[in-house]
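See structure below.
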Amino acid sequence: MALTDDAHQIIRDHFQGKSRGLAIDATCGNGFDTQFLAELGFKRVLGFDIQEVAISATQERLKQTGLNQVELILASHQVMNKYIDTTVDCVMFNFGYLPSGDKAIVTTAENSVAALAIAASLLSPHGMISLMCYPGHPSGAVETQAIRDWFKTLNNQWIVKTHLAVSPKPTAPILYELRRRVDVK
Ligand SMILES: C[S@@+](CC[C@H](N)C(=O)[O-])C[C@H]1O[C@@H](n2cnc3c(N)ncnc32)[C@H](O)[C@@H]1O
């Protein structure tokens, strides 16, 4: 199973029996994660991407599903708070570039950490943030390190879990899960 599938399973398990209000796909790309969040029953889903082609691909994907609680926003994820006036239950980040798109358009360490800090500040007590990181390409390595450094600034109210690929190499993708300690049973 790919780590992107693991992210879905972890979120599915986490929200079993929990309320599902607002979810954010911070990097829509081809819309797989946006569709997943909508199908999981979040009442409202916001999807962000800086590329028109990604917003269109996601829109196209959703058209075929009949899901209508999704708003797609052509904007960088570090302005997500401008579109939100409640807490957020789930935020998915799938960093890097659009597969089969322009590989020069990529998430950056600075924007990603800023967006992550905003997402954490908006997170509901039972909320979860998933982060799919790709240290195998140069800017992805810098970004992954910046995210790890940001984790170190968190106090003990937070829990970070790391999920590695089955045969992890230093360059393999890494999935992180971030949530508030208050939710630990
Ligand atoms: C790996 S893809 C996401 C895959 C996607 N979640 C899916 O399910 O298909 C990464 C996406 O992040 C987008 N991106 C890059 N910088 C961004 C930013 N600052 N804000 C929002 N999206 C960004 C890229 O345009 C690209 O579409």
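Overview of values
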| read-out | value |
| --- | --- |
| Criterion violated by residue 132 - all others in (1) out of contact with any strand residue (DSSP E or B) (no Cβ under 6 Å at 6 or more places or on another chain); (2) surrounded by 21 or more Cβ atoms within 10 Å (Cβ to Cβ) satisfied | (1) |
| Boolean, residue 143 is acidic (Asp, Glu), farther than 21 Å from residue 12 by Cα and surrounded by fewer than 20 Cβ atoms within 10 Å (Cβ to Cβ) | no |
| Residues being part of a helix (DSSP H, G or I) and either touching a residue at least 40 places away in the same chain (Cβ under 8 Å) or among the small types (Gly, Ala, Ser) (or both) - total across region 156-185 | 2 |
| Residue match in region 147-155 (condition: of a type in the set (Phe, Trp, Tyr), in contact (Cβ under 8 Å) with a residue 12 or more places away in the chain, surrounded by 13 or more Cβ atoms within 10 Å (Cβ to Cβ) and in a helix (DSSP H, G or I)) | yes |
| Region 81-99 residues that are without any contact (Cβ under 8 Å) to a residue 12 or more places away in the chain, paired with ones that are small (Gly, Ala, Ser) and crowded, with 23+ Cβ neighbours inside 10 Å (beta carbon under 8 Å, 6 or more apart) | none |
| Check on residue 44, surrounded by 14 or more Cβ atoms within 10 Å (Cβ to Cβ) and touching a Gly at 6+ places or on another chain (Cβ under 6 Å) | no |
| Members of region 10-31 that are surrounded by fewer than 19 Cβ atoms within 10 Å (Cβ to Cβ) and either free of Cβ contacts under 8 Å to residues at least 40 places away in the same chain or assigned to a helix (DSSP H, G or I) (or both) | 10, 12, 13, 14, 16, 17 |
| Restricting region 29-44 to residues that are of a type in the set (Gly, Ala, Ser) and touching a strand residue (DSSP E or B) at 6+ places or on another chain (Cβ under 8 Å), the residue that is farthest from the ligand (Cβ to nearest atom) | 38 |
| Subset of region 81-109 [surrounded by fewer than 20 Cβ atoms within 10 Å (Cβ to Cβ), of a type in the set (D, E, K, R) and within 20 Å of residue 42 (Cβ to Cβ)] | 82, 85 |
| Qualifying residue in region 91-105 (condition: more than 12 Å from the ligand (Cβ to nearest atom) and of a type in the set (Asp, Glu)) | no |
| Of residues in region 45-77 being modelled with pLDDT of 95 or more and small (Gly, Ala, Ser), the one farthest from the ligand (Cβ to nearest atom) | 56 |
| Subset of region 169-185 [over 22 Å from residue 122 (Cα atoms) and surrounded by 13 or more Cβ atoms within 10 Å (Cβ to Cβ)] | 172, 173, 174 |
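For (1) in a helix (DSSP H, G or I); (2) within 25 Å of residue 19 (Cα to Cα); (3) without any contact (Cβ under 8 Å) to a residue 60 or more places away in the chain; (4) touching an Asp or Glu at 6+ places or on another chain (Cβ under 9 Å), each residue gets a yes or a no:
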position: 42; (1), (2), (3), (4): no, yes, yes, yes
position: 46; (1), (2), (3), (4): no, yes, yes, yes
position: 54; (1), (2), (3), (4): yes, no, yes, no
position: 60; (1), (2), (3), (4): yes, no, yes, no
position: 65; (1), (2), (3), (4): no, yes, yes, yes
position: 68; (1), (2), (3), (4): no, yes, yes, no
position: 73; (1), (2), (3), (4): no, yes, yes, yes
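The values are calculated or read from the model by the stated rules, or taken from the named source; none is laboratory data. Everything quoted here is computed from the prediction, not taken from an experiment. Ideal geometry is used to build each Cβ from the backbone, glycine not excepted, and the neighbour counts take in all protein chains shown.
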